[in-house]
Amino acid sequence: MPFPLSVEQKQTAFWVAVWLAFLLLLITLGPVLTPFLAAAIIAYALNPGVDRIDHLRVGKLDVPRPLAVVIVMVLFFSAIAALVLIVVPVLQTEVPLLQAQIPAFLAKLNDLLAPKLQEMGIKVRLDSAGIKLMAAKQLATSGDEIWSAVLASARVGGTAVLGWIATLVLIPVVLFYLLLDWHPMLARIADAVPRRFIIRTMSMAEEVDTLLAQYLRGQLLVMLVLAVYYSTGLMIAGFDVALPVGIITGLLVFIPYLGFGLGLILALIAAVLQFTDWSGVLWVAGIYGLGQVLEGFFLTPRLVGERIGLNPLAVIFALLAFGQLFGFVGVLLALPASAILMVAFKHLRRHYLSSSFYNA
């Protein structure tokens, strides 16, 4: 005969079900939440600056918080614009140089691979003329299929572009209101926590805040140092695209593994297109290998701290999981969110080891 549930147990079951339904709703609305998650991440990073300006006094007047929010947002987006203005003109100058080197690269590739392909009975030229001929034949034989694929891609791409435009427009708006209402919003969240859990919850929140603050400050320093290192190293090696590739590699370090891999691929492409021998590839291997050692054994432990350290398999899983749930912003969110989950798991494990269920 089942035991009747008490009123407290019924209330607990009801609110657990409500929160699980809310979590399921958030997962379902993952793509829609992208601008809100991005704005929340930026707001968390910018809020200390807003608080500092908000507490300033100009003469006998306090700086109002809306003005402090506007000042910080203008500085933040000005920094992003300055970065774009640095990288884009360099790319506009260097990309045509790389394009001019593509025929020489194709000719070299043809001299290397064409004889081996002919031995296998495959007659093909891998220079620019041969590739144009193959493309023309393919277009002639499967034009309808390619046209259908292009139209489908255009529809999907157009929808994606509209989504990105909407996201970019929404982020500043959401960011403004989050920064404006940051402390009342946190107070409302704290008020929603059951009173019997409030002390433990606030303790965990303070621990997570310390961890994330350490992560954000340290990660920004790591990105700056590595951007300078890769740009300088590639410049010494004589790369024409040293500045944009170095800056991109350094700034993408905040995406574990993926950022470094993309920067390495860009540098290898530049090496193959620019250098006539293997010296460029060897330079890239040395610069990026030393960069990994510098980041893994010195910069990250010293500036970010080992408290944020996660197992590489856990990092890869977090990237895939959060990317599946929230798209590109989920990838950005993966590492700090994993740190939060790590704090929660540590407290849960401590509670489990001290429970009667474990010790009985």
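Just so you know, all these numbers are worked out from the coordinates, no wet-lab data involved. A quick note: this is a predicted structure, and the numbers were derived from the prediction, not measured. Methodologically, a virtual Cβ is constructed for each residue, glycine included, from the backbone with ideal geometry; neighbour enumeration extends over all protein chains shown.
Computed from phi, the 3J(HN,Hα) profile of segment 14-25 under the Karplus parametrisation 6.51, -1.76, 1.60 (θ = phi - 60°) reads 4, 6, 5, 5, 4, 5, 5, 5, 5, 5, 4, 4 Hz, with x in place of Gly and Pro. For ILE71, ILE265, ILE247, the sequence from fewest to most other C-beta atoms within 10 Å is ILE265, ILE71, ILE247.
By the beta-carbon count within 10 Å of each Cβ, the least crowded to most crowded order of ASP54, ASP111, fewest first, is ASP111, ASP54. Less than 11 Å Cβ to Cβ from HIS183, Lys/Arg counted +1 and Asp/Glu -1: what total charge do the surrounding residues give? With Lys, Arg at +1 and Asp, Glu at -1, the neighbours total -1.
Residues LYS346, LYS116 in ascending order of nearby Cβ atoms (within 10 Å, fewest first): LYS116, LYS346. Per-residue Karplus couplings for segment 234-246, computed as 6.51 cos²θ - 1.76 cosθ + 1.60 with θ equal to phi - 60°, are listed in order as 5, 5, 5, 6, x, 6, 6, 9, 4, 5, x, 5, x Hz, Gly and Pro entered as x.
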